[in-house]
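The values are calculated or read from the model by the stated rules, or taken from the named source; none is laboratory data. Everything numeric in this text was worked out from a predicted model, so none of it was measured. All Cβ positions, even for glycine, are placed from backbone atoms using ideal geometry, and neighbour counts span all protein chains on display.
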Amino acid sequence: MTRTNHLLKHQQNDFCIQELTLYLDTHPEDKTALRLLRKHLDIREELKEAVQNESGPLTNYDHDTRDWRWVKGPWPWEKEVNEHVDL
């Protein structure tokens with residue numbers, strides 16, 4: 001999977017997490033939705049690690065202060081990073 005695909009999958013997974021969280025606010029007893037939320041939270045950790053290994057930290061809380069990699073390459077929203085994304 002390419003760097004852009006990992007980031008896109010991460011964003012899609014975060015959307016699922018947000019929607020499930022909102023649903024569970026009104027349906028807290030739905031065990032299926034809770035299982036799905038836990039599954040997507042686990043997937044998020046895997047995708048987050050993949051994106052960060054390829055591109056650097058996703059937030060200012062995720063960086064290693066010994067390496068400021070994100071200033072060395074293109075930012076995720078720059079054209080050359082996203083040229084292979086089919087939207």
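In segment 28-38, how many are surrounded by 13 or more Cβ atoms within 10 Å (Cβ to Cβ) and free of Cβ contacts under 8 Å to residues at least 12 places away in the same chain? Explain how you work it out, then say what you get.
Our first condition is that a residue be surrounded by 13 or more Cβ atoms within 10 Å (Cβ to Cβ); within segment 28-38, this holds for 30, 33-34, 36-37.
This time we only want the ones that are free of Cβ contacts under 8 Å to residues at least 12 places away in the same chain, so: 30, 34.
So the count comes out to 2.
Just for segment 39-68: of the residues that are surrounded by 14 or more Cβ atoms within 10 Å (Cβ to Cβ), in contact with a helix residue (DSSP H, G or I) (Cβ under 8 Å, 6 or more places away or on another chain) and at pLDDT below 90, which one is nearest to His6 (Cα to Cα)?
Val51
Just the residues that are among the polar types (S, T, N, Q) and over 15 Å from the mean Cα position of the chain (by Cα), please, taken from segment 9-47. So that I can check it myself, show each step before the final result.
So the first thing to find is which residues in segment 9-47 are among the polar types (S, T, N, Q), and the list is 11-13, 18, 21, 26, 32.
The answer is Thr21, Thr26, Thr32.
Would you tally the residues in segment 22-54 being part of a helix (DSSP H, G or I) and out of contact with any Leu (no Cβ under 7 Å at 6 or more places or on another chain)?
Going residue by residue through segment 22-54, those that are part of a helix (DSSP H, G or I) are 22-26, 31-54.
With out of contact with any Leu (no Cβ under 7 Å at 6 or more places or on another chain) added as a condition, the list becomes 22-23, 25-26, 31-32, 35, 38-39, 41-47, 49-50, 53-54.
Final tally of qualifying residues: 20.
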